[in-house]
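The values are calculated or read from the model by the stated rules, or taken from the named source; none is laboratory data. These numbers come from a predicted model, not from an experiment. When we count neighbours, we look across all protein chains shown, and the Cβ atoms used for this are built from the backbone with ideal geometry, even at glycine.
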Amino acid sequence: MQGEKTTLLSGRSTEDDQSPSSNVVKIVLFTLTGAIIAFFGAIALVGALRVYRHPERYIPQNTAGQSMRNRAKGITRAILDTIPIVRFTEKTNTELESVELGNAKKANQIHEHVAGQMPKCSGDDSSSATLTELNGAPVLDGERGLRCSICTEDFSIGEQVRLLPCSHKYHPACIDPWLLNGRLNLIDLRIFREYEKGLDFPQSIGRAGVKIRRKGPMLSITIDMCKGWALLLWSTLASVLVADPTFTGFPPCDALIAAGLGDRLIRVGTEAYEQHLESYFCANGRLHPYCFVLPHTAEEVATTVKALASNGSGSGSWHIAVRSGGHHLPATNNIEDGVTIDLSLMNGAKYNATTNIASVQPGGRWKDVYTTLLNNGNVTVVGGRDGNVGVGGFLLGGGMSYYTPRYGLAVNTVAGFQVVLADGSIVEATATENADLWKALRGGGLNFGIVTRFDMEAMLAVDLVSGTSMITADHFDEAADAFVDFTNQMEHHRDDTMLIIHTHDSSIWDGPFILPLRVNTKGDLSTTAFDKVTQIPSVAQTWEQKSLAAAANGVQAAYGTKNAYMTLTFVNEPSVVRKAFSLHDQLASNIAKKVGSENFMASSVLQPFPTYLSNLGLRNGSVGHKAGSENGTMPLDLSFSSGHQAHLGLYHEIMSNVLGIERNGVNAVVWTVFVAIKNGQDAALSVARSELMLMTREMKRFQTSDGKAATVDYLYANYADMTQDPLGSYGPENVAFMKEVARKYDPEGFWQKRVPGGFKISRVAG
């Protein structure tokens, strides 16, 4: 054979006759193959390790009534977290419906201006920290008519929408169960409402989507898989490439991760972090912590506190801030170089008709609290006027509201607190359980613990009547006289309240003007309490009826300016009020010369504070009521609702808060001066603060000159500057009491040393 002959002659096989180039090709192929296998093997190994260390993030969790077979079809929570949630919004431009004098355009300008004049970076401790901001996703703007194709309901303004990579949008509650578990739980909640009405909805569920049909006209809901394999590949790669949750480089943030709170963090350097900073009202409050931690429950707050407390700074210096809504003082609800505990996702509100108690979480915004309670019980609570102000700081600082003439400060209506203490324990504070803590929290601020629930006495929701007008400088004296008279008579018309807002804003008017904000809380269109004010000539005037929720939505100040403000409480006398007007005009003139009139806005807000309000803080009766009582009133001398009597116990003849307003002795006015720098210049902000301090010092001097009454000591904490001492103004007895309570519930001084922002009782002399 030819092959055999070749072998004999050559002495070697033809199989050995191979060129060197063939060997090189083999080596290259084997190397590439090995590298590819090693690469995917490394990915698999990293994934396996992460699943082992964090099973709660990467393994679909058991759900009641769901088989393992179905669970295996879904993606994991970690993958879902990479798919953004946005807010559905649209732009509107509505005008006030009720204009009695002047033109609609000017009235609408006035109404919008009132929203911007209420003192901010204060009163809370309320723009919203929504999931949109947390995930760093854009806002859907102007998409009227879009609907979720699962539940077929139109998206409402502000509603959260899951935005898939293919740009399709769904309610998170609709799409998330399917993405996670391969099933559509929401069908039971929405579509089957029609089934309960007698319609037949046979369904078929397939791998590629869900179709639901009914007899007669067909209802077809198709879930587009959005090229499902591409989505799955994209999501898987995103989960692999996302930063390792074990490491941030910052010891306190890493301690939170070690405590199981890694998926509650917003980390520095991410788009979500920058979005979250924008949710702070004051631009000068947008400080840069190492991370934000957003607990969902009281237990997670407790875990957070324990993790941070055990990770001390030693000789270093990192600290902690606590945020509820984000309107309080800069460096109170945020911190540079530290950790901010953000409660904005703890924002629920529930009403118990048996006890007549509304349980409200600290991160809620008042507009949402009012809406929830209105829709789930037709009740409301005494809360903030600006709808974006948060619950927590507003109540802990006292809380001035439309209902102050009838119930005093809002904290008087808090029947109980749930509190996380410095050691991580969770306690209840009521008039009968931890009663000293209960009293101290009613005005004592962040000195004793983090409040994770406020139990508030509810009342029947009744529409308000509100309005304002624009009074120019030639009628300021008449406005001062009318306001003083209203304050002196307020005890006799407790359903009426009025604020005087004295303003300089060149974008609205060339000179100073006054906006008297008038409100009747019983919806009485014919009230005579404001006659002296409404008879003053004005540019425009409004008077309209609306719900408290709608009123709160209408009063929301714009975000993003750098703000400064201070407060005083002075005697309710015409000469003192006129002096306040004069000093404000001088303040605006001085700032305009230094920074330009177009670069700032200044307002002084005057609020009645008569002596009888101190009686509303006495524990000799109730600020409570039954929501079903006639006209929704809250009888001041009746006991708490029977269902809650055991919880609160009997009132005693002692003050039930630490505010000390019983020391005033005269009818007074709470005066707050507020300056907003529009261009964000730090130098201009410093100028404004300097002028504010000079202004308040002159006001103090004026009150004690020429035989006038002495200065009223009380300072409203939610409007105070950090150079002021509101806790000290409560009086030596209350200061001593708060210090004793702080030592009892926080013996190591955690809230005094590690949470330095705000007004600290340890810094008060005495």
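What to note about this one:
- Of all residues in the range 563-619, those satisfying the criterion of being aromatic (Phe, Trp, Tyr) and either outside the structural domain of Phe486 (by the TED database) or under 25 Å from Thr404 (Cβ atoms) (or both) are Tyr565, Phe570, Phe581, Phe609, Tyr612.
- Qualifying residue in the range 453-461 (condition: farther than 24 Å from Ile341 by Cβ and among the acidic types (Asp, Glu)): yes
- Residue in the range 549-566 that is part of a strand (DSSP E or B), under 26 Å from Arg689 (Cβ atoms), within 27 Å of the chain's Cα centre (by Cα) and among the small types (Gly, Ala, Ser) present: yes
- Qualifying residue in the range 592-600 (condition: in contact with an Asp or Glu (Cβ under 6 Å, 6 or more places away or on another chain) and either surrounded by 21 or more Cβ atoms within 10 Å (Cβ to Cβ) or in a helix (DSSP H, G or I) (or both)): no
- Meets criteria (within 28 Å of the chain's Cα centre (by Cα), of a type in the set (Asp, Glu), at pLDDT below 95 and surrounded by 18 or more Cβ atoms within 10 Å (Cβ to Cβ)) for Asp746: no
- Some residue of the range 537-544 being surrounded by 23 or more Cβ atoms within 10 Å (Cβ to Cβ) and assigned to a loop (DSSP other than H, G, I, E, B): yes
- Cβ separations smaller than 7 Å between residues 6+ apart or across chains give the following pairs from the range 565-576 residues that are within 18 Å of Leu587 (Cβ to Cβ) to residues that are at pLDDT below 95 and of a type in the set (Asp, Glu): Tyr565/Asp721; Met566/Asp721.
- In the range 669-696, the qualifying residues are those that are of a type in the set (A, V, I, L, M, F, W, C) and touching a Pro at 6+ places or on another chain (Cβ under 7 Å), and the one that is modelled with the lowest pLDDT is Phe674.
- Check on Asn311, more than 26 Å from Ile677 (Cβ to Cβ) and not in a helix (DSSP H, G or I): yes
- Residue count for the range 493-552, restricted to those that are closer than 28 Å to Ser589 by Cα and of a type in the set (A, V, I, L, M, F, W, C): 14.
- Of all the residues in the range 353-388, those that are more than 16 Å from His296 (Cα to Cα) and either in contact with a helix residue (DSSP H, G or I) (Cβ under 8 Å, 6 or more places away or on another chain) or of a type in the set (Gly, Ala, Ser) (or both) number 23.
- Filter result for the condition that a residue is assigned by the TED database to the domain that holds Glu573, assigned to a loop (DSSP other than H, G, I, E, B) and not charged (D, E, K, R), over Val712, Val687: Val712
- Remark: pairs (first residue in the range 266-284, in a loop (DSSP other than H, G, I, E, B); second residue among the polar types (S, T, N, Q); Cβ separation under 7 Å; 6+ apart in sequence or on different chains) = Ser279/Ser127; Ser279/Ser128; Tyr280/Asn334; Phe281/Ser127; Cys282/Asn563.
- Phe476, sole failed condition from (1) part of a strand (DSSP E or B); (2) touching a Phe, Trp or Tyr at 6+ places or on another chain (Cβ under 6 Å); (3) not basic (Lys, Arg): (1)
- Number of positions in the range 364-384 that are in a loop (DSSP other than H, G, I, E, B) and either surrounded by 24 or more Cβ atoms within 10 Å (Cβ to Cβ) or at positive phi (or both): 7
- Residues (surrounded by fewer than 24 Cβ atoms within 10 Å (Cβ to Cβ) and not in a loop (DSSP other than H, G, I, E, B)) located in the range 418-437: Gln418, Val419, Ile426, Val427, Glu428, Thr430, Ala435, Asp436, Leu437
- Checked against (1) over 18 Å from the mean Cα position of the chain (by Cα); (2) outside any loop (DSSP other than H, G, I, E, B); (3) crowded, with 18+ Cβ neighbours inside 10 Å, Val339 passes all but a single condition, namely (1).
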